[in-house]
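Okay, so here's the structure we're looking at.
Since every read-out is calculated from the coordinates, none of them should be taken as a lab result. All figures in this text were calculated on a predicted structure; none of them were measured in a lab. Cβ placement follows ideal geometry from the backbone for every residue including glycine, while neighbour counts extend to all protein chains displayed.
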Amino acid sequence: MAQYDTQTLTQAVIDRLADCKDARFKQVMTSLVQHLHDFARDVDLSPQEWITAIQFLTDTGKACNDKRQEFILLSDTLGLSMLVVALEQARGAKGRKGATPATEATVQGPFYWAGAPERRLGEDIAEGVSGEPALYTGRVTDLEGQPLAGALLDVWSGDGEGVYDMQMADAGMRARGKLRTDEQGRYWFWSIRPTYYPVPTDGPVGRMLDRMGRHPNRPGHIHMMVSAPGHQPVTTHLFVANSPYLDSDAVFGVRDSLIVEYERHEPGTAPDGRKMNKPYHVAHYDFRLVPA
């Protein structure tokens with residue numbers, strides 16, 4: 001009968017993967033077992049601490065529902081989501097040295113809601129939502145600057161207080177929409193100037209952040225998923241320049257290339273011809289997609 005100690009147990013578990021037929025799964029699980037065991041040895045993990053960790057993960061699962069993904073929030077706040085994004089973008093950049101930089105990706109976050117309504121160019125996707133109005137303009141191109149007609153922008157954000165529709169009871173979809181670029185690759189639509197906000201802190205991840213001595217805030221940003229046939233899609237944000245917490249985003253998602261000036265304008269005729277009876281902002285950003 002085999003008996004294992006704190007050093008031999010790890011290899012014994014890895015050896016049980018000998019008959020695994022999936023090479024990638026075997027690689028991932030081997031590394032996972034090795035690092036988990038190394039972690040337990042490194043911190044001299046006690047049985048009570050491990051039970052506490054299991055309860056934390058159980059609570060995280062219980063906090064999830066069709067409109068809340070606490071595990072994504074956990075991954076985001078531990079920096080793992082952003083690390084995975086960065087690894088994926090680094091893979092896509094191989095062999096493209098010297099090429100025009102593609103739009104950088106960042107985290108999807110826990111508030112993506114599939115099935116946003118189709119909108120016409122120039123529409124206000126945040127009609128009736130609190131916040132300062134903002135006109136978004138730009139183009140979607142390939143890395144050579146050629147316009148991508150019919151590219152899809154899937155857009156969402158919180159309201160002027162940083163609250164997302166998914167956090168409201170029976171609110172329905174708000175400040176969301178899908179738009180397609182015109183023949184010149186241009187897009188324009190109205191929404192709001194987003195503000196900074198805290199990630200949800202009423203669950204296990206919030207308790208973890210508090211125990212870690214960390215703030216829960218994200219700088220102001222609007223989410224975009226941009227895609228076009230024959231090109232790699234990108235999930236990204238546009239961050240509001242000078243927003244609080246740009247230097248300490250709770251999910252580590254800020255990239256300098258995604259920080260955008262929101263130019264403030266007094267009431268009058270906006271660049272798209274819309275008559276505005278209150279101050280508004282204009283934000284411009286051109287997206288560059290990598291060939292598939």
* Asked: R193's amide H: which non-local residues (gap 5+, or another chain) put their own amide H closer than 5 Å, with H modeled 1.01 Å from N in plane and none for Pro or chain starts?
  -> E132, A134
* Asked: Expressed as an acute angle from 0 to 90° and rounded to the nearest 10, what is the orientation of the C-alpha long axis of helix 23-43 relative to the principal long axis of the chain?
  -> 70
* the chain - charge dipole about Cα centre, Lys and Arg +1 at Cβ, Asp and Glu -1, debye rounded to 20 -> 540
* To do: Could you go through the range 190-207 in sequence order and give the Karplus-derived ³J(HN,Hα) for each residue, using 6.51 cos²θ - 1.76 cosθ + 1.60 with θ = phi - 60°, rounded to whole Hz, and x for Gly and Pro?
  => 9, 8, 10, 7, x, 10, 5, 7, x, 5, x, 10, 8, x, x, 5, x, 5
* Asked: Which residue, chosen from P110, A126, T141, occupies the Cα position most advanced towards the positive end of the dipole of the range 92-142, where the dipole is computed from +1 (Lys, Arg) and -1 (Asp, Glu) charges on Cβ about the Cα centre?
  -> T141
* C-alpha long axis of helix 80-93 to longest principal axis of the chain, angle in ° -> 70
* To do: Using volume of the Cα convex hull per residue in Å³ as the read-out, say which of (i) 274; (ii) 130; (iii) 175 was calculated from these coordinates.
  => (iii)
* Residue-wise, which Karplus ³J(HN,Hα) couplings in Hz belong to the range 218-225, taking 6.51 cos²θ - 1.76 cosθ + 1.60, θ = phi - 60°, and x for glycine or proline? -> 10, x, x, 7, 10, 8, 9, 10
* Structure fact -> Protection proxy (average C-beta count within 10 Å per residue), highest first, orders 24-33, 40-49, 243-252 as 243-252, 24-33, 40-49
* Kindly list the residues of the range 269-292 that lie in the label zone of T137, defined by a backbone N under 15 Å from the point 7 Å along the Cα-to-C-beta vector. => 269-276, 280-287
* **Helix axis angle, 47-62 relative to the chain longest principal axis, alpha carbon, degrees** => 30
* To do: Go through the range 116-125 residue by residue and turn each phi into a ³J(HN,Hα) via Karplus (6.51, -1.76, 1.60, θ = phi - 60°); whole Hz please, and just put x for glycine and proline.
  => 4, x, 6, 10, 7, 4, x, 6, 9, 7
